[in-house]
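Enquirer: Supplied in structure tokens, the structure appears directly below.
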Amino acid sequence: MNMKKTVLLLTAVLAVGLFFYLDLGRFLTLAALKENQQSLSNYYEAHKLITVAGFMAIYILQTALSLPGAAILSLAAGAIFGSILGTLYAVIAATIGATLAFLVTRYLLRDMILHKFGPKLEGLNRELQTRGFNYLLFLRLVPLFPFFLINLAAGLTHLPIRTFAAATLIGIIPGGFVFVNAGASLATINSLSDVASPRVLGSFALLGLFALVPVIYGKIKKKA
């Protein structure tokens, strides 16, 4: 590993270490968001550009480093920016962060990820390698695997970065809107399970099946 890659890797490790050492996760809880919602909204009204840039930077870092808190950040987007703008900012930031995680895996952590998760990712890698966009879209729509694990798995394949970014961007819009829209009515949310209800998850599963139609058709045609 050359010096540039080593520095990038050490920086990422340091950032993750500081997150847990300083217990920054305490700010990414539903209780903390409710407590600070008015202050955040007031700050946004006074400093809109800085607030948007700061929110997106935090969301990008959280996603790129696979840190906890994505659901709370999506709720925060709705609470601060409203349903439409909040979804726009959250989806773009999450896509950028996921793409960075994808690139870090591909160019910096490939051997380590294979050693740690190799057997678990074998089937996922195979489908991503052969089915590309449609299978990744299905995985984004239906939460069968953790978001960060999909980023890692995709980074181990030869999936083009543009395919990864496009499928991620499109695939996370429905789930992103659900959480952001819920955040716009934050007072009615008592736990994250209030947002990710069985009915909502069932709707995502149905959308995911539509994404898999071309894949299923291709397999049937190949067998025929």
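Every number in this text was worked out from the coordinates using simple rules, so none of it is lab data. All figures in this text were calculated on a predicted structure; none of them were measured in a lab.
Enquirer: Can you give me the three principal axis dimensions of segment 1-104 from its C-alpha atoms, in Å, biggest first?
Expert: 46, 27, 22
Enquirer: Here's a follow-up. Dividing the Cα radius of gyration by the Kirkwood radius, what Rg/Rh value follows for segment 68-184?
Expert: 1.00
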